[in-house]
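The values are calculated or read from the model by the stated rules, or taken from the named source; none is laboratory data. Given the structure is predicted, the values throughout are model-derived calculations rather than measurements. Glycine also receives a Cβ, built like all others from the backbone with ideal geometry; neighbour counts cover every protein chain displayed. Side chains included, ligands, DNA and RNA excluded: accessible areas come from the protein's heavy atoms. Shrake-Rupley method; radii C 1.70, N 1.55, O 1.52, S 1.80 Å.
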Amino acid sequence: MKYFSLIWAQLFRSRTRTLFTLLSVVTAFLLFGMLDSVRVAFNTGGASVAGANRLIVASRLSITQSLPIRLESQIRQVEGVRDTTYGMWFGGIYQDPKNFFPNFSVAPNYFDIYSELEVPKDQIEAFRNTRTGAIVGESLAKQFGWKIGDTIPLQATIFPRGGSNDWPLQLVGTFRSKDRAVAGNEERQLMMNWKYFDESNDYIKNQVSWYTVTLDNPDYASRVAQAIDAISANSDHETKSQTESAFQQAFIKQFADIGMIVTSIMGAVFFTLLLLTGNTMAQAVRERVPELATLKTLGFQDGTVLMLVMIEAVLLVGLGGVIGLGLAALALPVMAPQTMGLLPPHVPAQTWMMGAGLIVVIGLVVGVLPALRAKRLKIVDALAGR
């Protein structure tokens, strides 16, 4: 573009103001890149079970509703099911509620199903043979300084034991994730024996929170899911089979509507950004009235002057937007493993496209009024200071 050098010079005529405005735009699009990535992941991830090699079977009503343990044998008989395991949410705390980490009771074959978690064979045997045994992730063990043989005094928040909230567990093993990219998430968990939990808690018996099912052929995931759900159809414990990703999303949505929260936050951010960049462009054009009049004196048409101001506005927003989205793309892979799956590992294409659209729309909106003023500028009035 032959006018690019002129537009660039206009944009950085007041460097301090432009840099501060750019910083605001970068911050806004950094937030947008990260938050909208979460929204897209929650709205699209795990929507279909087609091609999944591991399914989660939970209550159709709510993930807080438990299922009878007798379903395990029935699920195993479904054609296409290779193996199944189960777990029950425990929800205990260690020392202080601030020390939250996922903890639940699991079946003896839990680590056979979740083969991505590495546990020494002797520790798995110790876990199966120790009634009060527990296995924790390496990250969690390092955080609290736990060693094999230590007693972990969990406090129940839901399930008391013998009229007391004390659940002392013996640490018999630690596990680590094969995929180091998600180690920060997976290695902050504690598993105890489901049989010990079932026999000892005061309120609930022969119940589990979910079943994990592995398949002989992922291509038949949808058919297997339908067959499993048909087992308990029209009963008081109807199930819903879905991918692990969809199950995790459902768990988070029990607490908040992620889409609404993200939309509300970004609406407020971009409304403020419109006011800020609009004021910057209006002030920039106001200060350059004599210069714009000189351009018209040299032969620049009204439409050309309007175009120069509009491109300047889009360029201002575009620079900040690209930098902000780029920083989000760099930050997500680093932060995602530490957020227990709340943040996706990359910025999805949908977010990039929406970001590009927002850049153009915001640039046009904040530039249109200053550009129209520049177009309507009369040379005589401008040079006379009127």
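Among the strands (runs of 3 or more DSSP E) confined to the range 72-164, the ones with at least 2 residues that are open to solvent by less than 20 Å² (accessible area, probe 1.4 Å) and closer than 30 Å to H237 by Cβ are located at 81-89, 103-106, 133-137. Taken together, the residues in the range 1-13 that are of a type in the set (S, T, N, Q) and crowded, with 16+ Cβ neighbours inside 10 Å amount to 1.
Taking the numbered list (1) at pLDDT 80 or above; (2) open to solvent by 30 Å² or more (accessible area, probe 1.4 Å); (3) under 28 Å from S59 (Cα atoms) in turn, G267 passes all entries but (3).
Within the range 297-325, residues that are closer than 18 Å to L358 by Cβ reach partners that are open to solvent by 40 Å² or more (accessible area, probe 1.4 Å) with beta carbons closer than 6 Å, at six or more positions or on different chains, in the pairs G324/L30.
Mind checking which residues of the range 348-386 are loosely packed, with under 14 Cβ neighbours inside 10 Å, at pLDDT 90 or above and over 30 Å from P333 (Cα atoms)? Answer for the range 348-386, where residues must be loosely packed, with under 14 Cβ neighbours inside 10 Å, at pLDDT 90 or above and over 30 Å from P333 (Cα atoms): there is none. Within the range 175-194, work out how many residues are modelled with pLDDT of 95 or more and open to solvent by 20 Å² or more (accessible area, probe 1.4 Å). Of the residues in that region, 1 qualify. Scoring M307 on the criteria (1) at pLDDT 80 or above; (2) under 30 Å from L61 (Cα atoms) leaves a single failure, condition (2). In the range 324-344, the count of residues that are farther than 29 Å from S139 by Cβ, modelled with pLDDT of 90 or more and surrounded by 16 or more Cβ atoms within 10 Å (Cβ to Cβ) is one or more.
Among the residues of the range 227-236, those that are part of a loop (DSSP other than H, G, I, E, B) and surrounded by fewer than 16 Cβ atoms within 10 Å (Cβ to Cβ) comprise A233, N234, S235, D236. In the range 207-226, which residues are more than 19 Å from T64 (Cα to Cα) and open to solvent by 40 Å² or more (accessible area, probe 1.4 Å)? Once the filter is applied, which keeps residues that are more than 19 Å from T64 (Cα to Cα) and open to solvent by 40 Å² or more (accessible area, probe 1.4 Å), the range 207-226 yields D216, N217, P218, D219, Y220, S222, R223, Q226. Listed by first and then second residue, the pairs with beta-carbon distance under 6 Å, at least 6 apart or on different chains, first residue in the range 108-124 and under 17 Å from M192 (Cβ atoms), second small (G, A, S), are V119/G173; Q123/G173.
Quick grid of which residues meet (1) assigned to a helix (DSSP H, G or I); (2) at pLDDT 80 or above; (3) of a type in the set (K, R):
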site	(1), (2), (3)
L23	yes, yes, no
G33	yes, yes, no
R39	yes, no, yes
G46	no, no, no
A50	no, no, no
I56	no, yes, no
